[in-house]
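Shown next, in C-alpha cells, is the structure this report addresses.
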Amino acid sequence: MGTYLITGATGAIGAAVAEILHEAGDHVILSGRSAERLDATARRIAGDTGGERVRTLVLDLTDPRRIEPSLGEAELPPLDGLVHSAGGIRLGTVEELRPDDWLDQLLVNTAAPAELTRLLLPSLRAARGHVVFVNSGSGLRSKPAWGAYAASKHALRALADSLRAEEPELRVTSVFPGRTASEMQRQVRALEGGEYDPEEFMSPRTVATVIVNALRTPRDATVTDISVRG
C-alpha cells in the first residue's frame, strides 16, 4: 500500500479521497489550515483502526512562503501521491475585483500548489509518485464574474503541464470537476444569489473515486486530464 498527502483534506473532495484511500489500506496524510478540523477528520476516517494509517499536517496555503518552515520538522516519508485539493474562490467582474481579490486566489490556487510540490519533489521522486491537481471546469473555460478564479485555475493547468514535462519519472494528472456538493459550492451559490441544494450537484465521493482511479492506473500509462460532469 502507498502513502498519500492530501491538501484541503477537511473539504468535501479531499476528505472523500482520503476516505477511499484509507479504506483500501493506504496511509494518508491529511493537510489543512485548522488542526481541530484535521483531527476531527482523522478520527472520522480512522474509525476503529485507531489512526495507525492516518496523520495530520497543518499547512496554511494562503501564504506560500510559510509552507517551507511548516514542513521543516514534518519528516515525511516517500510519497506515492500528492493530491492538491485545497482552493479558494471570489466572484466578481473585472470592474468589481481589486488586486487583493486576484492575488489571494492566485496564491492559494496556483502559487501554493507550486511551492508545496517543489518542496515535496524529493519525497515524490523517491517513490516515483503521482501528483494530482484538482482543478475546476473554470480551468478550461470562463464566464462573467469568474475571471479571477478561472485565471488561477488556468494557471494551475499550466503548472501541471510543465511539471509533467519536467519530471518524467512522476505522473501528473489534472482533474476538472463540475459543480460538486460542498461547503464551497454553498458559498458559490450564495455569491450567485441562488439556493444551495446538494442533491443538484455531484457527490464528492464520485469525484474522489475518479481521482483514486487515476492514482491506481498501472505504471505503463498516465491519465493526464480528466473532466468530470454531473
Exercise. In the stretch 32-47, is there at least one residue being polar (S, T, N, Q) and either within 18 Å of residue 205 (Cα to Cα) or free of Cβ contacts under 8 Å to residues at least 12 places away in the same chain (or both)?
Worked result: yes
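Which residues, counting only those in the stretch 3-29, are part of a loop (DSSP other than H, G, I, E, B) and under 20 Å from residue 125 (Cβ atoms)? Outline the logic, then answer.
Our first condition is that a residue be part of a loop (DSSP other than H, G, I, E, B); within the stretch 3-29, this holds for 7-11, 24-26.
Hits for the stretch 3-29 are 7, 26.
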Seminar exercise, completed: Output for Cβ contacts, cut-off 7 Å, separation at least six or different chains, first residue closer than 14 Å to residue 84 by Cα in the stretch 103-122, second at pLDDT below 95 and surrounded by 22 or more Cβ atoms within 10 Å (Cβ to Cβ), reads 108/87; 109/87
Exercise. Which one of 217, 173 is among the polar types (S, T, N, Q), within 19 Å of the chain's Cα centre (by Cα) and assigned to a loop (DSSP other than H, G, I, E, B)?
Worked result: 217
Exercise. Restricting attention to the stretch 176-214, which residues are assigned to a helix (DSSP H, G or I), touching a helix residue (DSSP H, G or I) at 6+ places or on another chain (Cβ under 6 Å) and open to solvent by less than 20 Å² (accessible area, probe 1.4 Å)?
Worked result: 207, 208, 211, 212
Exercise. Looking at the stretch 85-100, is at least one residue in a helix (DSSP H, G or I) and open to solvent by 20 Å² or more (accessible area, probe 1.4 Å)?
Worked result: yes
For this session: Select from the stretch 180-205 the residues that are of a type in the set (S, T, N, Q) and out of contact with any strand residue (DSSP E or B) (no Cβ under 8 Å at 6 or more places or on another chain) and list them in ascending order.
Result: 182, 185, 187
For this session: Identify all residues within the stretch 46-77 that are open to solvent by less than 40 Å² (accessible area, probe 1.4 Å), assigned to a helix (DSSP H, G or I) and modelled with pLDDT under 95; write none if there are none.
Result: 46, 71
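Return the total of residues in the stretch 124-148 being open to solvent by 20 Å² or more (accessible area, probe 1.4 Å) and assigned to a helix (DSSP H, G or I). Quick ask: steps written out before the conclusion?
Initially, the stretch 124-148 is screened for residues open to solvent by 20 Å² or more (accessible area, probe 1.4 Å), giving 125-128, 140-147.
Subset that is assigned to a helix (DSSP H, G or I): 125-127, 147.
Adding up the residues that qualify gives 4.
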Problem set entry | Residue pairs meeting the criteria (Cβ under 6 Å; at least 6 apart or on separate chains; first at pLDDT 95 or above, in the stretch 208-219; second part of a helix (DSSP H, G or I)) | 208/13; 208/16; 208/17; 208/20; 211/17; 212/20
Exercise. In the set 159, 103, 119, 163, which member is on the phi < 0 side of the Ramachandran plot, among the aliphatic types (A, V, I, L, M), open to solvent by 10 Å² or more (accessible area, probe 1.4 Å) and within 14 Å of the chain's Cα centre (by Cα)?
Worked result: 159
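Select, from 9, 42, the only residue that is open to solvent by less than 20 Å² (accessible area, probe 1.4 Å), within 21 Å of residue 176 (Cα to Cα) and of a type in the set (Gly, Ala, Ser).
Details: 42 fails: within 21 Å of residue 176 (Cα to Cα).
From the options 9, 42, the qualifying one is 9.
The values are calculated or read from the model by the stated rules, or taken from the named source; none is laboratory data. The model shown is predicted, which means the values in this text are computed figures rather than measured ones. FYI the Cβ positions are ideal-geometry reconstructions off the backbone, even for glycines, and counts take in every protein chain you see. The protein model used for the area step is the full one, side chains on, heavy atoms only, and it has no ligands, DNA or RNA in it. Shrake-Rupley method; radii C 1.70, N 1.55, O 1.52, S 1.80 Å.
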